[in-house]
Ligand SMILES: [Fe+2]
């Protein structure tokens, strides 16, 4: 069972960035088939929930060059939704260079598997009247992190290039009302799928104005 965020770190963690696929170089001979991956995750979720889906995700991103080849080099911030169902949501999320996401929760378990770039996570917990940061993790291509249903995290792409990750949630990510916290005041605000989509649109607009898209 994944421990509660309030007990310790929010995550189970698999470091695979320097695994066989990475050492083999940027090209992979294997193919990543998004439809097959979705089917594997659905089966795994029905059989054993988050732990089993995490195995499927770890297998997929252990060959991150194949995932990148199938999904394409990221060129803007976006969510490529591979599955949306009441019990499972799967999408590829792409972060623009140095993009930041506010602290937010999910109200369902989550998994992150990086297939290109790097994603830095800060983990937060509720204290009386506000949030406090209590942990951090840097995820590289091939790494997988599992977040408990009560996890709160903020995300940064620290690189000057795009980051891409497969994100999996144990519910309908887009239909679930959630919270986010103001970056400066840590005031709690409502969030949901529409708020997230609007944030991605603003980020792309920011880069367009700077001539980087
Ligand atoms: Fe998140």
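Given (1) within 12 Å of the ligand (Cβ to nearest atom); (2) more than 17 Å from residue 176 (Cβ to Cβ), where does residue 131 come up short, assuming only one miss?
Against the list (1) within 12 Å of the ligand (Cβ to nearest atom); (2) more than 17 Å from residue 176 (Cβ to Cβ), residue 131 comes up short only on (1).
Take the residues in the range 193-213 that are assigned to a helix (DSSP H, G or I) and over 22 Å from the mean Cα position of the chain (by Cα), then tell me which one is surrounded by the fewest Cβ atoms within 10 Å (Cβ to Cβ).
Checked the range 193-213; the qualifying residue surrounded by the fewest Cβ atoms within 10 Å (Cβ to Cβ) is 209.
What's the total number of residues in the range 135-154 that are surrounded by fewer than 21 Cβ atoms within 10 Å (Cβ to Cβ) and either touching a residue at least 40 places away in the same chain (Cβ under 8 Å) or closer than 25 Å to residue 66 by Cβ (or both)?
Selection size over the range 135-154: 7.
Against the condition in contact with a strand residue (DSSP E or B) (Cβ under 7 Å, 6 or more places away or on another chain), within 11 Å of the ligand (Cβ to nearest atom) and without any contact (Cβ under 8 Å) to a residue 60 or more places away in the chain, how does residue 119 come out, does it pass?
yes
Conditions (1) modelled with pLDDT of 95 or more; (2) within 15 Å of the ligand (Cβ to nearest atom); (3) on the phi > 0 side of the Ramachandran plot, marked per residue:
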position	(1), (2), (3)
140	yes, no, no
168	yes, yes, no
175	no, no, no
183	no, yes, no
186	no, no, yes
210	no, no, no
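Is it the case that residue 92 is surrounded by fewer than 21 Cβ atoms within 10 Å (Cβ to Cβ) and either more than 11 Å from the ligand (Cβ to nearest atom) or within 11 Å of the chain's Cα centre (by Cα) (or both)?
When the stated conditions are applied, residue 92 does not pass them.
Restricting to the range 142-165, count the residues that are away from the ligand (no atom under 13 Å from the Cβ), under 22 Å from residue 40 (Cα atoms) and under 12 Å from the mean Cα position of the chain (by Cα).
Qualifying residue count for the region: 3.
Within the range 82-89, is there a residue that is away from the ligand (no atom under 11 Å from the Cβ), surrounded by fewer than 16 Cβ atoms within 10 Å (Cβ to Cβ) and in a strand (DSSP E or B)?
Yes - at least one qualifying residue is present in the range 82-89.
Assuming residue 44 fulfils every condition listed in (1) surrounded by fewer than 22 Cβ atoms within 10 Å (Cβ to Cβ); (2) closer than 27 Å to residue 205 by Cβ; (3) away from the ligand (no atom under 16 Å from the Cβ) apart from one, which condition is it?
(2)
Would you confirm, using the coordinates I've provided, whether residue 87 is touching a helix residue (DSSP H, G or I) at 6+ places or on another chain (Cβ under 8 Å) and farther than 21 Å from residue 200 by Cβ?
Against the criterion (touching a helix residue (DSSP H, G or I) at 6+ places or on another chain (Cβ under 8 Å) and farther than 21 Å from residue 200 by Cβ), residue 87 qualifies.
Of the numbered conditions (1) more than 16 Å from the ligand (Cβ to nearest atom); (2) within 20 Å of residue 191 (Cβ to Cβ), residue 110 fails exactly one; give the number of that condition.
Only one criterion is unmet by residue 110, namely (1).
Inside the range 109-131, can you point out the residues that are within 13 Å of the chain's Cα centre (by Cα), part of a loop (DSSP other than H, G, I, E, B) and farther than 17 Å from residue 60 by Cα?
Of everything in the range 109-131, just one residue is within 13 Å of the chain's Cα centre (by Cα), part of a loop (DSSP other than H, G, I, E, B) and farther than 17 Å from residue 60 by Cα, namely 109.
Name the residues in the range 95-107 that are more than 12 Å from the ligand (Cβ to nearest atom) and crowded, with 20+ Cβ neighbours inside 10 Å, would you?
96, 99, listed by residue number.
The values are calculated or read from the model by the stated rules, or taken from the named source; none is laboratory data. Computed from a predicted model, the values in this text were never measured in an experiment. Positions of Cβ are generated from backbone atoms using ideal geometry, with glycine treated the same way; all protein chains shown enter the neighbour counts.
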